[in-house]
Amino acid sequence: MVIELFVEYLLDRRYGWVEICQERFGLSPQVIFHEGNSVLHSVEYEGDPRRRPLTYDEVQALFDAADARPRRIHGQGRKGTLTALRDAAALKTIYAYGTRRTEPSKVDLVDLRRHRKAPQFGQAGSMTVRYGKSSKGTPPKRRTVLLVPEMDWVVDVLDEWVHEIRPRLSPDRHPALWVTERAGRMSPRSINEAFVTARQDCACRIPRPCRSRGMFVCVEDAAKAVVASYVEVA
């Protein structure tokens, strides 16, 4: 709905964006998805109505709980500090790239790649998801997720994980980005348990979220950028 409203605004001749695009780029915006080539849903939203994107405060509380867990485990003299650090990094990476919780379990180190238009992000410029959610009767869908500037803080998170924490788990030559203490691949169930544990440790009550929080952040920031550029042009 947010994207649809933005496209309507962009194509509205009253605002002059079509002419500006033609002048600057030699092209005009076009509607790619419309009623003629899109699947018609019987209702506007078909998911569980109890699920919603987390607010910024809820996301921060979730991250704070995940960050506090390694210190608590270390202070108690128990095993699991490294895996707790891994869980915190995995949750932040899932949020930053907007992936489903189960998808990162199949991501390998080589799936993190530079992007020529964002060299400042290094190897974190893009993530190739090779085992995305598939439609019924089809193989997993492959896609590449680009890191947006608003999520550049995850570059340091991934750098610390790949170069400092992950080697201490002795993964040998295992290709997985997220590995276990037994040099195996972190399972979707383990990733889900990491989220559940962080949610339970939060001081505030956090609902089970839908995946779109990261995408909403991107849309919100893109809309702000468009408004800012419009003010400059005006």
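The table below lists the values:
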read-out	value
Backbone N within the range 45-84 under 19 Å of label point (7 Å from Leu5 Cα along the Cβ vector)	45-46, 52-56
Inter-centroid distance (Cα atoms) of the range 153-185 relative to the range 62-92, Å	14
Theoretical gain in end-to-end length, Asp108 to Lys133 [0.36 nm per residue, Cα-Cα removed]	7.3 nm
Amide hydrogen neighbours beyond the local backbone of Arg185, cut-off 5 Å, H modeled	Thr180
Three-way shape call for the range 84-146 based on the alpha-carbon gyration tensor, with the a/c threshold at 1.5	oblate
Rounded if a/c under 1.5, otherwise prolate or oblate - the range 1-130, Cα gyration tensor axes	prolate
15 Å reach of a label modelled at Asn192, 7 Å along Cα-to-Cβ, counting backbone N of the range 93-127	100-106
Area accessible to solvent at Ser134, 1.4 Å probe radius, in Å²	50
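The values are calculated or read from the model by the stated rules, or taken from the named source; none is laboratory data. A quick note: this is a predicted structure, and the numbers were derived from the prediction, not measured. All Cβ positions, even for glycine, are placed from backbone atoms using ideal geometry, and neighbour counts span all protein chains on display. These area figures cover heavy atoms from the full protein model, side chains too; ligands, DNA and RNA do not enter into them. Shrake-Rupley method; radii C 1.70, N 1.55, O 1.52, S 1.80 Å.
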